[in-house]
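Quick notes on the structure that follows.
Read-outs throughout are calculated quantities, based only on the coordinates presented, and are distinct from any laboratory measurement. What you see is a predicted model; the values in this text were computed from it and never measured. Please note: Cβ atoms are built from the backbone with ideal geometry, for glycine as well, and neighbour counts cover all protein chains shown.
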Amino acid sequence: MDLAEQYRRQYGWRAWADAYDALPELAGARVLDLGCAVGDQAAALARRGAQVVGVDGNEQLLALAKARGIEGADFHAGDLRDPQVGDGFDGIWASFAAAYFPDFGHVLSRWSELLRPGGWIALTEVSGLFEHKPIPVAAQQLLRHFARESAAAGRYDFDMGAKLTDFLSAAGFAVTLQRTLADRELSFEGPAEPEVLQAWAARLQRMHLLRQRAAQDCPSLADDLLACLGSADHSTQCRVHFVIATLTQRS
Ligand SMILES: C[S@@+](CC[C@H](N)C(=O)[O-])C[C@H]1O[C@@H](n2cnc3c(N)ncnc32)[C@H](O)[C@@H]1O
């Protein structure tokens, strides 16, 4: 299954309606979707009346977004570190994009320049992606070590969701809403549904660096984690954080 199909499936496992319902008025609003992938969230925002500009660095996903012909949404290739899309936007939507920037303050400061004064930003991001139990100690240690190493190397911060409000405050935003979203793939109790388990297997397959670390230190890692996710007494500390904030001053 390709990445685009994975994103499509994931869309159904997230409580997106709860997030959209909490957004400021969308009718007529100019909204940026940063890290738009195949355009699912852009399509939903456009359906609610927004004029959406989606930006993503993955040309293949972007081509799929463009091919949908979504009324009210345009899509552009670009680097999220410095999107070249003009400014004066009423709102920014960025879901599961912040974690790619462990030093998120710099990126957020650039994003704030794209908003009109008083504009809003809505961020969705995960924390504790690998915090699932029951799992053998060796596998848990490797996953925690890998997460720390990824953040320290500037690759990805698996705990970014829990840091969003601090980054937003430091960048001159006032947080107006902070909550977690239900998620049938990332933040569920009890055994994973069969399709969710497949998605986790595909995710682990895509994570080449993690597979390298596991080959050296814990060859049973993928089996251990999948068994944990599928077990009757599975529980997790993983959370999907959703934050809305308003720009009060530029950092
Ligand atoms: C995990 S996906 C999230 C997609 C969608 N927002 C969602 O919530 O389902 C992250 C997206 O960000 C894009 N991305 C990550 N880093 C980027 C960068 N530096 N510049 C542009 N796009 C980037 C990826 O191509 C991918 O489409």
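A few comments on the model shown:
- Sorted ascending by nearby beta carbons within 10 Å, beginning with the fewest, Met207, Met160 become Met207, Met160.
- Value at 222 nm in deg cm²/dmol, rounded to 500, when DSSP H runs of n ≥ 4 in the chain each add -39,500 (n - 2.57): -11500 deg cm²/dmol
- Net charge of Cβ neighbours under 15 Å - reference Gly86; Lys, Arg +1; Asp, Glu -1: -3
- Full-stretch length increase - Ser109, Asp79 - with 0.36 nm per residue and alpha-carbon distance subtracted: 9.3 nm
- In plain terms, the residue of His76, His106, His132 with the fewest other Cβ atoms within 10 Å comes first and the most crowded comes last, giving His106, His76, His132.
- Relative intensity of the chain on a log10 scale, I(q)/I(0) at q = 0.07, 0.08, 0.10 Å⁻¹, equals -0.24, -0.31, -0.49, per a Debye sum over C-alpha point scatterers of equal strength in the absence of solvent.
- Over all pairs of different C-alpha atoms, the stretch 1-144 has a mean inverse distance whose reciprocal, the Kirkwood radius, equals 16.2 Å.
- The stretch 91-125 and the stretch 146-218 have Cα centres spaced 18 Å apart.
- Environment charge at Arg116 (Cβ cut-off 10 Å; Lys +1, Arg +1, Asp -1, Glu -1): -1
- For the stretch 119-251, a Kirkwood radius taken over Cα pairs fed into Stokes-Einstein (25 °C, viscosity 0.890 mPa s) yields D = 153 µm²/s.
- Length added when fully stretched, Val137-Arg179, from 0.36 nm per residue minus Cα-Cα: 12.1 nm
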